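In what follows, a structure is listed as structure tokens, so that the remarks can point back to it.
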Amino acid sequence: MAWKRWSPFRRPLGPDPAGDVEDELSFHVEMRVRDLIKQGESPERARQLALQRFGDYETSRTECVEIDERRTRQMARSEWFAELRQDLSYAVRTLRRTPGFTAVAVASLALGIGATSAIFSVVHGVLLEALPYPAAERLYEVRTVYPDGTEYPLSAPDFMSIREGNRAFERVEAFSTGTFTLLGDPEPKEVRGASVSDGLFEMLGLGMAVGRGFRPEEHQPGQGAVSVLGHDFWRREFGGDPAVIGRTLTVGGDPYTVIGVLAPGAELPQAADMFTAITYDSAFSASNEAARRGEFLQVFGRARPATDATTLNSDMRRVGTTLQASFPRTNERLTFSATSLRDIIVGDVRTPLLMLLGAVIFVLLVACANVANLLMARASARQDELAVRAALGAGRGRLVRQLLTEAVVLSIVGAVVGLFVAYWGTRALVAAQPADIPRLDEIGVNGTVVLFTFAVAIITGLAFGVLPAMGSTGTALMGAIREGGRGGSGAGGHRVRSGLVVAEMALAVVLLTGSGLLIRSFIELTRVNPGFQPERAVSFRMTMQGDRYQNGAAIRGQVAAVLDRMRALPGVTATAATTLLPLSGRGALVDFAVGNEPPPPGVNAEIGFASITPDYFKAVGTPLIRGRTFTAADDTGAPLVVVINRAGAQQWFPGRDPIGQRAVASGAEREIVGVVADVLQRNPGAAPLAQMYAPLAQRTSRSARIIVRTAGDPLALAGSIRAEVHALDPNLPVAELNPLGQLLTKSMARPRFYTSLLSLFAGVALALAGIGIFGVLSYSVAQRAREIGIRMALGAGAGGVVRMIVSRAMILASIGLGIGIALAIGLGRVLRSQLFGVSVFDPATLGGVVLVLIASAALASWLPARRAAAVDPASVLREH
Amino acid sequence: MAQSTPEILRGTFDLLILKALSWGPMHGYAVAQWIERATGDALDVGEGTLYPALHRLEERGWITASWGPSENNRRAKFYTLTQTGRAQLRVETANWRRYAAAMFAALDAPAAR
């Protein structure tokens, strides 16, 4: 401001509007008094007259002070912005002057911030964002709980009992799903159908794009021949043609009139193509006893406002207890549970996703430490510039602000580049479709993610900027000019930089350990014997519905005919039908009891039940351990026989031979004729559970999987397989024709996804930490060139110098290793649920981490060491 | 006193201040003296109202202020006309002249036909 020129009149403590106004006004009055005295008035009279002429002194004063204060505030604000602009343009200029440094820093940050944003967008989309239903946080699924803790869907009478008897839910709705054949040109198709209760669409807020939903009367028996189409299905199969309303579709052999199409994006928690109305026949009666253990309904409820899960569950238990008393034959010891819909949808991905978010934040921290390191190195090279600016009157606060501005500019540029990384990263993640992680198609870089990214950028900018800013503007500032501009940041700065490198190393070690453990458990998973041979076999599904398949004989006849045709295809070595593929669960669960013995104590009395044709074990490649498999003689009229798996044999016949034993299962007595190896049921990490197989001839199912094993490439037969089935029945769709190996690949997809992402992060962190070590050593070599020169002049060999530099790297790496491994073991708890067959203390992994880290530290120190060894003592000494 | 000042004169007060400062930088007391002399003390404006007017003009950027020693070597606040202030003075003067001419013409006009 202009008045600064008059230093004697300048206010030393900053602007003081009130004081200035007081001075100005009293000056006026005094001048007037002086003039009046000059004109001959007495001093008292003069003062009185002066004040009189002045008028309302107080009002003038306050008005002036108000105006000036407003102006001072405004000026401070615009000055602040002017300085910010100045800092910004200065920062941009400085950064552009050193493009190499800027590129490395921006790249580190873009990688760190971008990866963090990509994973955050997944976490946000999958875990944080609300489900697309109204009051989604109050939606719960109700399940039947058996005494052993297993949970199942509900039966129709139980659903009605809960609907009528609960107190905690606003409303309770249900649907059941099934696969149906839709007849049509040119080929019949399998469609995913869902029968919905009368208020389900309304409770889930599913609107109609075209037509209408179900009317109450359409839920009455005999009235339900109407259907609503899913939006995607409508677009795909009918080209989005509204004229589909009123058309009749033949589904599962029955005609349905299309009455509506769901709005885009309107979906049940389980996707379906066609919807029909649940018809409330006699099974849907809360007093029905017979239908009580036919469990097929997925039941969802919306809790009353302000009702927590505990309340809901105790209410469900109360209803369960009531039903136990009313229906002891069917509901003995059964109860119900309520689980929030979100937990059901994302429950098992929460831990791994949060683990990945944690990992990626570690990467970001490493990137920050790295950039802080670079900034410190640069700040010490800029000591002269800073000292000059300080000498020209810039205060320390101003310099710190300048350096912080540079840091934040860096990180914001990094964030902008990082957003691209995040954009492509999320696209790649979604495209990879890692093992049906729920809701993955909903994710993307959206406003929240962008906001998150810039918040992260500013925080990281301040975080990595503050150390170098404080360090380089501190005491070193005073020293710089004295040192003659040689710009040494001193031992203090070096210690901080070494500390940063140690921190980077430690973080990298944590990530390396984590990814090492995941890789090890992944290898263990692939080593698990799947119990079947996934190579050179395909499977497909046939669902036999409609007029042609009215009874079991017709279905069995069709299966036999299809198998005959498959067997006749060239190169086919075995073929069979089954109701259950490996890695697809356990099929129906039924009670299993040996003879009249009570079940062994503590044993789950349930066994998985599948139906197969005689060649099944040969076709799927599961070895027989004892007894025999089925033959054509185990026919409909023959004695009931079953084969059980090893887990079942161990459970019910520990130390005994199960062959020839009789067991009651699924309501009939059956003879155990064979024991086969355990086949993976859910995923390779899950222990095998009891499984039982019956001949398809003795237990028929409308839906069958046909397995075709060949000598050559099985997919080469895909066309012939379709043609043969089509020749037998043109209305029978061939669905899910896939290689058997795909089951195994799919079951490994999630572990593979988590393992590869964590490994990628660990790799990035390791590379960044390596760059960090490299930077510190290079700088220290440049700083100590003179010392090294003297040492060499005094007779130290190049080898000794290399050893000196490399050993410094080793010391840093070892400290980092120690801290990192301690940290990794501490954090191992988080990882434990994701590990299989390997302990958190796995020596092989820890040993590998040590080797990798030492090796990369050695690699990073190699170039600086070479440079040190190349120091020419003569020239260094001459220079100084 | 301010209350007795005709409303029409309050807007002209700013114009008078700008005019006073067009002769060179001066402190508030000098501005008051100039107005007093130049108008033959006809404008009975309370001197106190001069200062809020000065500060407002400063806020608008038409004048700037700086502290300096007065003729008797006291700490005084001197006001200087800025470029925009000078332009404003020209505009306001022209406006005033047009307005006054119109007023005179109207007051001297003959009776309505």
Prolate/oblate/rounded call for segment A:493-574, Cα gyration tensor, a/c under 1.5 rounded: prolate
Helical contribution to [θ] at 222 nm, DSSP H n ≥ 4, -39,500 (n - 2.57), averaged over chain B, rounded to 500: -18500 deg cm²/dmol
Dipole magnitude of chain A, debye to nearest 20 (Cβ charges: Lys/Arg +1, Asp/Glu -1, about Cα centre): 3360
Peptides A:832-838, A:200-206 ordered by average Cβ neighbours within 10 Å, highest first: A:200-206, A:832-838
About the Cα centre, charge dipole magnitude for segment A:43-184 (Lys/Arg +1, Asp/Glu -1 at Cβ), debye: 960
Cα-based shape type of segment A:101-198, given that a ≥ b ≥ c are square roots of the gyration tensor eigenvalues and the cut on a/c is 1.5: oblate
Span-like helix ranges in chain B, DSSP H, alpha carbon extent 20 angstrom or more, Kyte mean at least 0.5: B:7-21
Radius 14 Å from Cβ of A:ALA103, net charge of other residues (Lys, Arg +1; Asp, Glu -1): +3
Under 13 Å, Cβ to Cβ, from A:ALA394 - net charge with Lys/Arg +1 and Asp/Glu -1: +1
Helical mean residue ellipticity (222 nm; -39500 (n - 2.57) per DSSP H run of 4+; nearest 500) of chain A: -18000 deg cm²/dmol
Rounded to 10°, Cα long-axis angle of helix A:17-38 versus longest principal axis of chain A: 30
Shielding by partners - mean other protein chain Cβ count within 10 Å, residues of A:737-749: 0
Residues A:ASP158, A:ASP198, A:ASP254, sorted so that the one with the fewest Cβ neighbours within 10 Å comes first: A:ASP254, A:ASP198, A:ASP158
Cβ-defined net charge surrounding A:LEU737, 10 Å radius [Lys, Arg +1; Asp, Glu -1]: +1
Averaged over B:23-33, number of beta-carbon atoms from partner chains that fall within 10 Å: 3
Likely footprinting exposure, A:ASP384, A:ASP842, fewest C-beta neighbours within 10 Å first: A:ASP384, A:ASP842
Dipole of segment A:56-138, positive end: most advanced residue of A:TYR90, A:VAL65, A:LEU128 [Cβ charges, Cα centre]: A:TYR90
Dipole of chain A, positive end: most advanced residue of A:LEU111, A:GLY571, A:LEU386 [Cβ charges, Cα centre]: A:LEU386
In degrees, nearest ten, helix A:341-381 long axis to first principal axis of chain A (Cα): 30
Gyration tensor (alpha-carbon) shape descriptor, segment A:637-751, a/c threshold 1.5: oblate
Cβ-based exposure ranking for A:MET31, A:MET376, A:MET810, in which fewest neighbours within 10 Å come first: A:MET810, A:MET31, A:MET376
Charge dipole of chain A about the Cα centre (unit charges at C-beta), most positive-ward option of A:SER875, A:ALA290, A:GLY772: A:SER875
Reachable lysines from A:LYS38, criterion Cα separation under 24 angstrom, eight or more residues apart if same chain: B:LYS77
For residues of A:50-60, the mean tally of beta carbons on other chains within 10 Å: 5
Estimated dipole of segment A:205-325 in Debye, rounded to 20 [Cβ of Lys and Arg +1, of Asp and Glu -1, Cα centre]: 280
Nearest-ten-degree value, helix A:718-728 long axis tilted from longest Cα axis of chain A: 40
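Values in this text are rule-based calculations from the coordinates and carry no lab data. Being a predicted model, the structure only gives us computed values, none of them experimental. A quick note on method: Cβ atoms are made from the backbone with ideal geometry, for glycine too, and the neighbour counts reach across all protein chains shown.
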